[in-house]
Amino acid sequence: MNDWSAGYVTEIGYTFGYYEELNPLRITLAFLNTGLVPPKVTTACELGFGQGVSLNIHAAASPHTWYANDFNPLHTVFAQEGATASGADVHLSDQTFAEFCGRADVPDFDYIGLHGLWSWVNDENHAIIVDFTRRKLKVGGVVYISHNTLPGWATMVPVRDVLVAYGETMAAHGHGIVSRIESALAFGEKLMGTSPLYARAHSHIVERMAQFKNHDRHYLAHEYFNRDWTPLSFLRLAHQLAPAKIGYACSASYLDHLDALHLSTEQQVLLAEIPDVVLRQSVRDLCTNQQLRRDYWVKGARPATPGAVNEMMRAQRVILVKRRADVSLTVNGILGQATMQESVYDPILDSLADHCPRTLPKNTRGNRGHAGRTSARHHAGASVLGDHGSGGNRSGPTSAGRNGNRGGQTPDRQAEYPYHERLSFRQSPCLSGQSRDGGRRGGEPFPAPVPLARTDGHAQPAQWASFANLDDGGGESG
Ligand SMILES: C[S@@+](CC[C@H](N)C(=O)[O-])C[C@H]1O[C@@H](n2cnc3c(N)ncnc32)[C@H](O)[C@@H]1O
């Protein structure tokens, strides 16, 4: 462990994940759904960016100026390669939070994002980030924070503490953290084999331990084998953030906005009786046994009138990122699976089937009768599709912005980005950062993509598909 790490794992790099909730372009739909005026983002900041995959995708395909830090030079050097390849307006540093947050040369921000960070750093760093937010987040600005949540993780805390202590005291340090993790997991299995009363009282522990065994060791190292791993209740988080002068706005997960997917009717009635938003969310977490929260916090929430919400919704452009035929109308919530209403979603999907950016209500309203009601249903529909992997946000009315033109090059050229094979996400200048369609297929890295085919002189969709080793889906263009 290094003395600059404050107990955080640094001897092994983090995974190469993409987290769309970090994309500031997603804020608008969530805020409008909640009836809040969304911020106008020009300057954005990401704290603790890991390998910087999300950061580089967002910076390369949006018009925003980005500042970001991660104290692990392994991470920063990788992220810097992506930033250099794209030429995006992104300023990276390998400073600690104490160093970065104390800098006088960073601008004030409209948006600050922290994913997978809060529960894994100590209170000293919490205080630094809160102070930074108080000073550097503009009025009306938004903070995105995810955190491991109580009650969902409560029963796992003592088990995790024992596993980490076992790795620290019983395993050989000279063999590195992966070997310590293996020893700790083997011990955990042995322990569960003795049928401890704790595991009998909380039977899901055994299942969780089995899931641990299948996780990527890089992930396990950063998630559970740090000195600090503190799942905390929403009430406590709200209390910690209060000095930053930010208040809860809404969930960054669009599907969370649909209570019927996650809460019984009795629970919805109970929650409706609680006017205090922090208390209400905390009770909701008990109803859903929440493990991970992904939330937007705002410095000065401004309620929007229904007319303003409608107008801003109409300015939103979205795009279908799956083939129309591949979109399933089934969604998963805490209560189980639900099927989305064809009468609401089919017109939306049909209007987007050509994969061109569209402003939803204008294009579908004619099919549905009463305009106000129709718009509200389509707004909700757009959100659901967004979280369901079918819809993508488009940055503005005309183009993806100044970084967008370069963005298509970012992760495509292996020579420029040598860790290419580890990346299973790509950004699209059309989508302003969304990259859901760039995931792994059959465990293999995503094949050579369409933008590279175009750069190499292939003009037709069928040629792109053949170059990318993809079925062209019957010659769909767009
Ligand atoms: C669990 S990882 C999450 C990374 C990234 N946000 C993501 O979700 O992919 C936490 C990151 O915070 C960084 N970090 C932890 N403590 C830090 C500190 N005091 N200063 C700067 N970076 C820190 C780590 O190097 C690590 O990359």
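Since every read-out is calculated from the coordinates, none of them should be taken as a lab result. Just so it is clear, the model here is predicted, and its values are computed rather than measured. Don't worry about glycine lacking a Cβ; one is built from the backbone with ideal geometry, like all the others, and counts go over all protein chains shown.
Translational D (Stokes-Einstein, µm²/s) of region 252-315 at 37 °C and 0.692 mPa s when Rh comes from the Kirkwood sum over C-alpha pairs? Don't jump to the answer; show the numbers that get you there.
Values: Rh = 13.8 Å.
Diffusion coefficient, whole number: 238 µm²/s.
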- Can you pull the one-decimal nm distance between simple spin-label points at R314 and A210, each 7 Å off the Cα toward Cβ? 5.5
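Could you work out the relative contact order of region 154-224? I mean the mean sequence separation of Cα pairs under 8 Å and 6+ apart, divided by the number of residues, in percent. If you can, show how the numbers build up before the last one.
Values: 43 pairs, mean separation 24.0, N = 71.
About 34 percent, as a whole number.
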- Message: Under 8 Å for C-alpha pairs, at least 6 residues apart: give me the relative contact order for region 232-302, rounded to a whole percent.
- Response: 53
- How would you classify region 154-224 from its alpha-carbon gyration tensor, with a ≥ b ≥ c the square roots of the eigenvalues: rounded for a/c under 1.5, else prolate if a/b is greater than b/c, otherwise oblate? prolate
- Message: Can you compute the label reach from K245? Point 7 Å from Cα along the Cβ direction, backbone N cut-off under 11 Å, restricted to region 113-135.
- Response: 134-135
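In region 76-179, what trypsin sites (Lys or Arg not before Pro) fall in a loop by DSSP, with at most 15 other Cβ atoms inside 10 Å? Provide the component values of the computation, followed by the final result.
On the way: sites: R103, R134, R135, K136, K138, R160; in loops: R103.
Listed in order of number, the matching sites are R103.
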- Fully extended, how many nm does the chain gain between K40 and Q463 (0.36 nm per residue separation, minus their Cα-Cα distance)? 148.3 nm
- Item | Sequence-distant lysines (8 or more away, or on other chains) whose Cα lies within less than 30 Å of K190 | K213
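Please go through region 40-117 and write out the GluC sites (Glu not before Pro) that DSSP classes as loop and that have at most 12 other C-beta atoms within 10 Å. Show your work: numbers first, answer last.
Numbers: sites: E46, E81, E99; in loops: none.
Sites meeting the loop and neighbour criteria: none at all.
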- Query: What residues of region 322-339 lie in the reach of a label at S203, counting those whose backbone N is under 12 Å from a point 7 Å from the Cα along Cα→Cβ?
  - Reply: none
- Which distance in Å, rounded to a whole number, links the C-alpha centroids of region 23-81 and region 86-132? 11
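Checking the a/c ratio against 1.5 first, then a/b against b/c, what shape does the Cα gyration tensor give for region 104-240?
prolate
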- Length gained when the stretch D105-D161 is fully extended (0.36 nm per residue, less Cα-Cα span): 16.2 nm
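Would you mind getting me the FRET efficiency between V278 and C356? Use the beta-carbon distance for r and R0 = 41 Å, nearest 0.05.
On the way: r = 42 Å, r/R0 = 1.01.
Using R0 = 41 Å, I get an efficiency of 0.50.
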- Name the residues whose placed amide hydrogens come within less than 5 Å of the amide hydrogen of L36, ignoring near sequence neighbours (fewer than 5 apart) on the same chain. A304
- Rounded FRET efficiency, nearest 0.05, which uses the C-beta distance separating Q95 from T169 and R0 of 41 Å: 0.80
